[in-house]
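Asker: Right, I'll just put the structure down here and ask away after.
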Amino acid sequence: MKLVKAKIYGFGKWVDQEFDFQQDYQVIFGSNEAGKTTLLNFIKSILFGFASARGDNKYLQYKPKTSSQYGGELVFKADDNSSWTIRRVDGKGDGELTLFHDEQQVPESMLKEIIGSFTKDDFEHTHVFDDKNIFSIYGLDENQLETEIMSVGAVGSKEWLATADQMTISAENIYKRRGQKQPLIAKLKERDDLIEEKAEFENQQVAYQKVKDQSKQTQIEFDSNAELLKQVSERENFLRNLDKKWERFEELEKNKQPIGNNVQISNEDWEKFLTDNQELSTLQETTTTNRVAQLNNVEKQMLINYRANQKRMDYIRNQKFELQNLQFHRDDMKSKLLKVDTQVDQLFQNNPQLSEDMRPLSSEELDQINPQQHVKTNSLPLLICGIAIILAVVTGNPLKVIFAILAIGCGGWYFYQSHNLKSTQNMVNYDFLKQKGYQSLNRESIVNIQSTVIQLANYRSTQTSLSDGIKAIEVDLNKWHDILLELNILDKSYKNDNYNEQIEKYFTRLDQIKARADLNEQNQSETQEITDNRNQRLQEINAEISQIVDKYQLVSVERFVQMHTAQVKNQKVINQIKQDKAFLGDDLKRLQQYSNHDELIKELQQVVMRKEALTDKNNELSRQIGSLKEQMQQVLDNTQYQRVVDQLAQNKVDIIENYDEWLSKTLASKWIREMLNIATENRYPKMMQKATQYFALLTNNNYVKIDFHDNDIAVFSQSKNRFDVHELSQATTVQLYISLRLAFVTEIADLIKLPILIDDAFVDFDISRTENVFELIQKIAKDNQVIYVTANEPSSLPQDHILKLKGEA
């Protein structure tokens, strides 16, 4: 993006003026009061807005005395040769802005296409060179100068480096290697003296040492016994769990896996066989004579009942498979519920700390008991601190000082909040932990067990869902039961829930009654026809049954029925084996190691006896330890010894406090420097390469290398001599500073391509250095446009790159 034209409506001394600029570099020459600086301020004001009329800023306004118009236009040429025009005139705030792209007005937000995310202060700190920021280098001491140079290329780094230095000094005031008077060193020496004094007291007491050794040995024996007791207790729990599962294990052992049969009778064939067989039985029982057996009273009542409720009873007959499905789903849910019960038992066995009362904690409750997460929710001070740091960098004095103080204050408040929140947390204070069953656990255990508690909650939810499903099916089955009782299909004395069998029997008998009733109603003339049809149907049914039996290569109907009965029985056995194996799980292999239940019980009894013996021994050792400690206190029960012990305890507290303070300041200083290194590490190598080239050019190759190492900066001469920054002359130091700044500007050209503005910044240079500056400007101008204003007309530059301004108006 190149600035090609400035059209001034009214700004300072300039009214109705136009200036054309070269796209590489433009030198603007004029005497004092010719309006050079005013022209540069016009460019900055159109880009970033006019100065406000409040406070000292009113002196930075350039409202013309001889014109009512205030503002103007800047015309830029983009890399794609398109034209951008920025027009800004007097208005509210920083002026009324209008933006054009190829003479078409576009939204103001598209100004970022030209200035990126830069503010006016960002632009002045990077792209503007004047005698003010150059001459300020001369007034810095050794450390300030080094900090100023190191801060080039990292926004806000100057203030942060100063803060890091202050942190380091504060830390060294607490502890310094080979120091003598620092508080932490004094406390460490005091601790050595107190330990030595305590040792003298203890060594004087032979009896004390004897009791102490005995107490130590007893404690070791106690710890070893406690570990054995823990192992035996775990073994007892393990064996008791196996004992609970032994009954199911015996059932599994009894139910041998049936021998598989590749030929399976399909449900369709079996249903067809039953239907044909029932019809066959009915037809066979029907007499072939003209005399048809009369219906008795019970049979007549059944027929009357059927005709009165024919639709409902036909519906029941057609829906018997739905009833069978309900019973199947109920049995399947019971099997799944049993499996979930097994998983819950296993969960409790694997997690001794788990309790039925425990409920999962919400994310908000976890935040309350987790110090690190809780502190994160109070990050507003840290956000304000970051904004204040940025504002401190991009603004000038005195606002820079105010924002720096605000940043330090917010940072301190953030760390104070973090420390205060961590120190005030007490697990006892959280009522919801007691309500949700965590009152006996510490914070780490609570956080670690959350996944298990959630898993338990999911299992309980599954149990509830399955139980509800079973209950719902039972309700439906009860409804069926009531309907069957109402229609006299079931007898009230029938207590089983195998309704299909009763329905089948009832309708088989009903079919027989209906057939007999139909026969009785027929005319005598139709009896022979009915008999013929019955015989024909008997043949058809027998043929269908024979076809089904032959399909499975069986010799008789009886063998077919036996095969299906065995098939049903085998399936029940297989299902039972699967349920038993799922219930036993991994314990199946362990149970198989025992030849019988008595062997398991015998081992359990031995473990229980072992546990009781270890428990008694543990109690006895605990009593011995208490007695020995009491003896030790009696041996050394004197004021002088207790004084040394109290002083040692207080000394430990003091050392920890001093160490915490020293460590926090040391880590803070290190963190600041590491963050600055991280913030600039991607651009620094290229920036330092360019800066080295620029510095060599400005110094006539007297210096050929710039080096950053261990937070220090140094340069190397052509003869490879190393010089720290404070060893250079003031002019050479300024050349180094200019090289670094120009290198930084060219390195960030991918982010913003605005012209570099130089306002007679090198008036203190001699002729040779000035010529070197112009040579460097011509080199940089190949990629970055440079506008240079000066009161000294350069003689070595082409005239078409020099714009001459008239004298004072």
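Asker: Considering only region 31-41, how many residues are farther than 15 Å from Leu74 by Cβ and buried (at least 20 other Cβ atoms within 10 Å of the Cβ)? Let's see the steps before the verdict.
Answerer: As a first pass, look at region 31-41 and keep what is farther than 15 Å from Leu74 by Cβ: 31-37.
Checking the rest, the ones that are also buried (at least 20 other Cβ atoms within 10 Å of the Cβ) come to 34-36.
Number of matching residues: 3.
Asker: Can you name the residue in region 239-263 that is of a type in the set (D, E, K, R) and more than 15 Å from Leu600 (Cα to Cα) and, of all such residues, is modelled with the lowest pLDDT? Can you show your working first?
Answerer: Step one: filter region 239-263 for residues of a type in the set (D, E, K, R), giving 240, 243-245, 247-248, 250-251, 253-254, 256.
Subset that is more than 15 Å from Leu600 (Cα to Cα): 251, 253-254, 256.
Working: Glu251: 84, Glu253: 81, Lys254: 80, Lys256: 69.
Residue satisfying both the conditions and the ranking: Lys256.
Asker: Which of the strands (runs of 3 or more DSSP E) contained wholly in region 711-778 include at least 2 residues that are touching a helix residue (DSSP H, G or I) at 6+ places or on another chain (Cβ under 7 Å)?
Answerer: Details: elements: 712-717, 722-724, 756-759.
So the answer is 712-717, 756-759.
Asker: If Phe765 meets every condition in (1) on the phi > 0 side of the Ramachandran plot; (2) buried (at least 16 other Cβ atoms within 10 Å of the Cβ) apart from one, which number is that one?
Answerer: The number of the failed condition is (1).
Asker: Of the residues in region 669-697, how many are modelled with pLDDT of 65 or more and within 19 Å of Tyr737 (Cα to Cα)?
Answerer: Quick first cut of region 669-697, residues modelled with pLDDT of 65 or more only: 669-673, 684-697.
Still in the list and also within 19 Å of Tyr737 (Cα to Cα): 684-697.
Residues that pass the stated criteria total 14.
Asker: Determine the pairs where a residue that is of a type in the set (Phe, Trp, Tyr), located within region 170-197, has a partner that is in a loop (DSSP other than H, G, I, E, B) with Cβ atoms under 9 Å apart, the partner being 6 or more residues away or on another chain.
Answerer: Close Cβ pairs (under 9 Å, with a partner that is in a loop (DSSP other than H, G, I, E, B)) amount to Tyr175/Gln182.
Asker: Got at least one residue in region 771-784 being more than 58 Å from the chain's Cα centre (by Cα) and either charged (D, E, K, R) or surrounded by fewer than 18 Cβ atoms within 10 Å (Cβ to Cβ) (or both)?
Answerer: The initial filter retains those residues of region 771-784 that are more than 58 Å from the chain's Cα centre (by Cα), namely 771.
Add one more test, that the residue is either charged (D, E, K, R) or surrounded by fewer than 18 Cβ atoms within 10 Å (Cβ to Cβ) (or both), and what stays is 771.
The answer is yes; a qualifying residue exists.
Asker: Related question: Does Ala207 qualify as being surrounded by 12 or more Cβ atoms within 10 Å (Cβ to Cβ) and closer than 21 Å to Val653 by Cβ?
Answerer: no
Asker: Being surrounded by 16 or more Cβ atoms within 10 Å (Cβ to Cβ) and modelled with pLDDT under 90 narrows it down to one of Tyr9, Tyr25, Tyr59, so name that one. Working first, answer last.
Answerer: Numbers: Tyr9 fails: modelled with pLDDT under 90; Tyr59 fails: surrounded by 16 or more Cβ atoms within 10 Å (Cβ to Cβ).
After ruling out the rest, the residue left standing is Tyr25.
Asker: Would you mind stating whether Asp497 is acidic (Asp, Glu), surrounded by 12 or more Cβ atoms within 10 Å (Cβ to Cβ) and touching a Ser or Thr at 6+ places or on another chain (Cβ under 8 Å)?
Answerer: no
Asker: Would you mind finding the one in Glu236, Glu221 that is in contact with a Lys or Arg (Cβ under 7 Å, 6 or more places away or on another chain) and at pLDDT 85 or above? So that I can check it myself, show each step before the final result.
Answerer: Numbers: Glu221 fails: in contact with a Lys or Arg (Cβ under 7 Å, 6 or more places away or on another chain).
The match here is Glu236.
Asker: Give just the number: which of (1) at pLDDT 85 or above; (2) surrounded by 15 or more Cβ atoms within 10 Å (Cβ to Cβ) does Ser467 not satisfy?
Answerer: All conditions pass for Ser467, except number (2).
Asker: Which one of these does Ser627 not meet: (1) hydroxyl-bearing (Ser, Thr, Tyr); (2) without any contact (Cβ under 8 Å) to a residue 60 or more places away in the chain; (3) more than 23 Å from Asp223 (Cβ to Cβ)?
Answerer: (3)
Asker: Moving on. Within region 333-382, can you find the residues that are at pLDDT 80 or above and either polar (S, T, N, Q) or closer than 30 Å to Thr119 by Cα (or both)?
Answerer: If the condition is that a residue be at pLDDT 80 or above and either polar (S, T, N, Q) or closer than 30 Å to Thr119 by Cα (or both), then Ser335, Thr342, Gln343, Gln346, Gln349, Asn350, Asn351, Gln353, Ser355, Ser362, Ser363, Gln368 are the ones that fit.
Asker: Taking the conditions exactly as written (of a type in the set (Gly, Ala, Ser), surrounded by fewer than 16 Cβ atoms within 10 Å (Cβ to Cβ) and modelled with pLDDT under 90), does Ser83 satisfy them or not?
Answerer: On the way: of a type in the set (Gly, Ala, Ser): yes; surrounded by fewer than 16 Cβ atoms within 10 Å (Cβ to Cβ): yes; modelled with pLDDT under 90: no.
Considered against the rule, which asks whether it is of a type in the set (Gly, Ala, Ser), surrounded by fewer than 16 Cβ atoms within 10 Å (Cβ to Cβ) and modelled with pLDDT under 90, Ser83 comes out as no.
Asker: Could you identify the single residue in Arg291, Arg307 that is part of a helix (DSSP H, G or I) and either at pLDDT 85 or above or surrounded by fewer than 15 Cβ atoms within 10 Å (Cβ to Cβ) (or both)?
Answerer: Details: Arg291 fails: part of a helix (DSSP H, G or I).
That would be Arg307, the only listed residue that is part of a helix (DSSP H, G or I) and either at pLDDT 85 or above or surrounded by fewer than 15 Cβ atoms within 10 Å (Cβ to Cβ) (or both).
Asker: Under 7 Å by Cβ, and 6 or more places apart or on different chains, what pairs join a residue from region 697-708 that is assigned by TED's automatic domain parsing to the domain that holds Leu776 with one that is of a type in the set (Asp, Glu)?
Answerer: Leu697/Glu775
The values are calculated or read from the model by the stated rules, or taken from the named source; none is laboratory data. Every value quoted in this text rests on a predicted model; they were computed, and no experiment measured them. Glycine also receives a Cβ, built like all others from the backbone with ideal geometry; neighbour counts cover every protein chain displayed.
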